[in-house]
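Notes for the one structure printed next.
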Amino acid sequence: MATPKLLLCFVLQLIFLLFVLHHPANAQGLKVGFYENTCPKVEHIVKEITYQTFSVAPTLASPLMRMHFHDCFVRGCEGSVLLNSPTNQSEKFAIPNLSLRGFQIIDKIKTALEKECPGVVSCADILAIAARDAVVALQGPFWEVETGRRDGRVSNITEALFNLIPPFANITVLKSSFASRGLSVKDLAVLSGGHTIGNSHCNAFTNRLYNFTGKGDTDPTLDSEYIAKLKKKCAPTDITTLVEMDPGSFKTFDVHYFTLVSKRRGLFQSDAALLDDSETKSYVLSHTTDAGRASFFKDFGVSMVNMGRIGVLTGSAGEIRKVCTKVN
């Protein structure tokens with residue numbers, strides 16, 4: 001019979017193994033300039049195509065950034081959100097992903113890269129680079145993107161439903177979700193700032209306007225004047241109307257989102273929840289003016305790199321897809 005000391009040793013080894021397998025720090029194959037010798041034009045090609053797209057369709061910048069988030073939070077940053085399914089059972093068909101747009105841009109980039117350097121650049125890396133370029137295109141920060149990810153072969157609609165953070169998440173759920181992926185509370189506050197660009201469908205927040213507790217009431221954490229404005233745009237059953245997440249500034253990457261949250265005008269419950277924790281609240285309140293722009297921009301780049309390390313496949317794991325929508 002095993003002694004208590006041996007059992008303890010076994011348990012500790014198991015915990016360590018699980019930590020190594022699932023913690024994003026296990027991204028030891030990633031580095032800036034991974035394709036320097038094998039496909040030196042990769043970032044130029046991604047930038048050229050994304051900028052061409054944004055010049056005629058600037059509203060696609062936000063969905064492209066969001067696509068990287070949605071990829072990383074399900075199975076890690078390995079391109080599974082891009083895969084199609086003949087039975088519509090892959091991640092992109094999950095309800096939280098139905099509003100994603102810009103898949104054709106990723107396909108266009110992949111086609112160009114396959115022509116330039118066949119079988120070299122992963123779809124997961126394309127997503128990471130395109131997300132950065134989308135932010136820059138909307139006057140946001142530039143950061144060096146680590147590359148070297150490989151593509152996964154599995155994409156499951158159920159995993160997307162259970163792993164993507166819902167807009168009604170409270171601070172406990174938010175902190176737990178980020179922590180389970182090796183991200184800090186600061187990362188949570190910083191990456192929430194990504195809501196400074198883009199739109200949302202009404203049904204992501206109408207419960208706050210009409211039936212918050214099931215009694216036909218409104219969310220007391222949402223500014224009453226803002227509620228009145230939102231009700232003019234969104235009927236209780238509206239699932240098609242788009243509303244700016246950062247009114248008046250949704251096409252510019254800036255710190256205005258934090259000003260809105262501080263005034264109880266964050267669109268989602270997950271935005272309002274940032275005021276329910278001392279650390280996230282402190283970050284919000286210290287970035288409500290343009291004086292906080294430089295530090296937010298620097299922090300956002302750091303947190304995006306941190307997020308880009310979640311669950312990556314490197315080395316001989318996974319594959320380099322020839323077409324981003326299907327496994328080889």
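Here are the numbers for the structure shown:
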{"item": "Fraction of accessible area attributable to carbon and sulfur, the chain (%, probe 1.4 Å)", "result": "58 percent"}
{"item": "Relative contact order, percent, segment 168-322 [alpha-carbon distance under 8 Å, six or more residues apart]", "result": "29 percent"}
{"item": "Set LYS92/LYS263; LYS47/LYS326; LYS251/LYS322; LYS41/LYS108; LYS115/LYS298 screened for pairs whose C-alpha atoms are more than 26 Å apart", "result": "LYS92/LYS263; LYS251/LYS322; LYS115/LYS298"}
{"item": "Cβ-based charge dipole, the chain, positive-most Cα from ALA94, ILE227, ALA128", "result": "ALA94"}
{"item": "Largest to smallest accessible area among LYS115, LYS175, LYS41 [probe 1.4 Å]", "result": "LYS115, LYS41, LYS175"}
{"item": "More than 16 Å apart - percent of Cα-Cα pairs taken over segment 41-163", "result": "58 percent"}
{"item": "For segment 131-138, 3J(HN,Hα) per residue [Karplus equation, 6.51 cos²θ - 1.76 cosθ + 1.60, θ = phi - 60°, Hz, x = Gly/Pro]", "result": "4, 4, 5, 5, 5, 4, 5, 9"}
{"item": "Electrostatic dipole magnitude of segment 160-299 [Cβ: Lys, Arg +1; Asp, Glu -1; Cα centre; debye, to 20]", "result": "140 debye"}
{"item": "Ratio of Rg to Rh over the chain (Cα coordinates, Kirkwood Rh, two decimals)", "result": "0.99"}
{"item": "Surface per residue (accessible, 1.4 Å probe) for the chain, Å²", "result": "48 Å²"}
{"item": "Computed accessible area, VAL42, all protein chains, 1.4 angstrom probe, square angstrom", "result": "10 Å²"}
{"item": "Cα centre as origin, Lys/Arg/Asp/Glu Cβ charges: the chain dipole, Debye", "result": "320 debye"}
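The values are calculated or read from the model by the stated rules, or taken from the named source; none is laboratory data. A quick note: this is a predicted structure, and the numbers were derived from the prediction, not measured. Positions of Cβ are generated from backbone atoms using ideal geometry, with glycine treated the same way; all protein chains shown enter the neighbour counts. Side chains included, ligands, DNA and RNA excluded: accessible areas come from the protein's heavy atoms. Shrake-Rupley method; radii C 1.70, N 1.55, O 1.52, S 1.80 Å.
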